[in-house]
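The values are calculated or read from the model by the stated rules, or taken from the named source; none is laboratory data. Every value quoted in this text rests on a predicted model; they were computed, and no experiment measured them. Note: ideal-geometry Cβ built from the backbone for every residue, glycine included; neighbour counts use all protein chains shown. What goes into the accessible areas is simple: the full protein's heavy atoms, side chains included, and nothing from ligands, DNA or RNA. Shrake-Rupley method; radii C 1.70, N 1.55, O 1.52, S 1.80 Å.
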Amino acid sequence: MKKYDWLIIIGIILISGLLFGVNQLKLSQQKRDSKELIAEITVKGQLYKQVVLTKEKQEFTIRTDIGKNTVSIHDNGIEVIESDCHDHICEKMGFIQKPGDIIVCLPNKIFIKIVGNSEGDIDEVSR
Amino acid sequence: MKFQDRDKFQKINTRKIIFIAILVSQAMVLSIIERMIPVSFAVPGAKLGLANIITLTSIYLFTFKEALSIVILKSIMTSFIAGSLSNFLYSFSGAILSFFVMYFLILLGKDKVSTIGVSIVGGVSHNLGQLIMASLIIHSFNILGYLPFLMIAGIATGFIVGVTVRFLLKHLNKIDINKNI
């Protein structure tokens, strides 16, 4: 064993450690990116529907005996785009995409809240 | 005079051809034996790389062309006997990359790096070549994340191979392969 042999061994161990670290970092990043959020839509205090906030655009209408609200899901977020209530506050609340964010439509008694997926998030706890 | 020269040349050549053939067959036997030794319990996919003994020995003993021909013959023949086409692609890319890396390492620092260092670098580059080939085939570079584990395994197996080559060379150097009979 010569001096350079040791250098080679140490070098390879360092490189593999570095690659391992980079890889772990990338994996955790991917995990965070792929974490899909869920929005809970509550009507009159009862759970109406749970929807996954997808990147793809999807629209549906919540029809109740009080009125109807059209909801649009896109870019991992959700917003109310049309409402037949009189104050349209739910429309003005805009687009939400963070866990814990809410949209309410008081006249129609609709409550939309974004919840994280099964893994608890520190933001969710502190809110 | 001319005839004698050719005669001499041919004799040396025959001697060398036989030696190369012996080395190639030894490499084939070693890679078949290697399949019987399970070392992949710690790192799946890791191998002892016993055939690397022959590659490294031939780099020390022969010229570039001869050693390269041994490496190419070795991987083709081994795949013919035990292996499939994809198997051949993996082992061939790994063998060629590790051959070039080891050759230039020896060329640059023959008296600075011992056989152990060279064989460790060769083993790691063999893994690298295989993984690059595999990622090209399946169009995904995610398996390169597996490289660190293979690299650590490559240090251990490369060390074993390097020690073996050192002992082997000590004895083989007693034979003058270029000697005329």
When every residue in region B:37-58 that is modelled with pLDDT of 70 or more and assigned to a loop (DSSP other than H, G, I, E, B) is compared, the one surrounded by the fewest Cβ atoms within 10 Å (Cβ to Cβ) is B:38
Among the residues listed as A:50, A:46, A:58, the single one being open to solvent by less than 80 Å² (accessible area, probe 1.4 Å), without any contact (Cβ under 8 Å) to a residue 40 or more places away in the chain and away from chain B (no Cβ under 14 Å): A:58
For the list (1) at positive phi; (2) surrounded by 16 or more Cβ atoms within 10 Å (Cβ to Cβ); (3) free of Cβ contacts under 8 Å to residues at least 12 places away in the same chain, I need the number of the one condition that residue A:109 fails. (3)
Options A:26, A:2, A:31, A:35: the member that is open to solvent by less than 90 Å² (accessible area, probe 1.4 Å), farther than 30 Å from residue B:165 by Cβ and either of a type in the set (A, V, I, L, M, F, W, C) or modelled with pLDDT under 85 (or both): A:35
For region B:93-126, which positions are touching a residue at least 40 places away in the same chain (Cβ under 8 Å), more than 10 Å from chain A (Cβ to nearest Cβ) and open to solvent by 10 Å² or more (accessible area, probe 1.4 Å)? B:93, B:103, B:106, B:126
Within region B:67-88, how many residues turn out to be surrounded by 18 or more Cβ atoms within 10 Å (Cβ to Cβ) and in contact (Cβ under 8 Å) with a residue 24 or more places away in the chain? 6
Filter region A:57-100 down to the residues that are among the β-branched types (Val, Ile, Thr) and over 13 Å from the mean Cα position of the chain (by Cα) and list them by number. A:61, A:62, A:64, A:66, A:70, A:71, A:80, A:81, A:89
Checking the conditions here, which among B:169, B:108 is among the aliphatic types (A, V, I, L, M) and either over 24 Å from residue A:3 (Cα atoms) or over 17 Å from the mean Cα position of the chain (by Cα) (or both)? B:108
Residues being away from every other protein chain (no Cβ under 11 Å) and farther than 20 Å from residue A:27 by Cβ - total across region B:133-158: 4
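For every residue, the table says whether it meets (1) under 22 Å from residue B:128 (Cβ atoms); (2) out of contact with any Ser or Thr (no Cβ under 8 Å at 6 or more places or on another chain).
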| site | (1), (2) |
| --- | --- |
| B:18 | no, yes |
| B:53 | yes, no |
| B:79 | yes, no |
| B:90 | yes, yes |
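From the set of residues in region B:159-174 that are of a type outside the set (Ser, Thr, Tyr) and in contact (Cβ under 8 Å) with a residue 60 or more places away in the chain, which is nearest to the other protein chains (Cβ to nearest Cβ)?
Narrowing region B:159-174 to residues of a type outside the set (Ser, Thr, Tyr): B:159-163, B:165-174.
Those still in the list that are in contact (Cβ under 8 Å) with a residue 60 or more places away in the chain too: B:160-162, B:165, B:168-169, B:172.
Numbers: B:160: 13, B:161: 13, B:162: 8, B:165: 13, B:168: 17, B:169: 15, B:172: 21 Å.
Here the answer is B:162.
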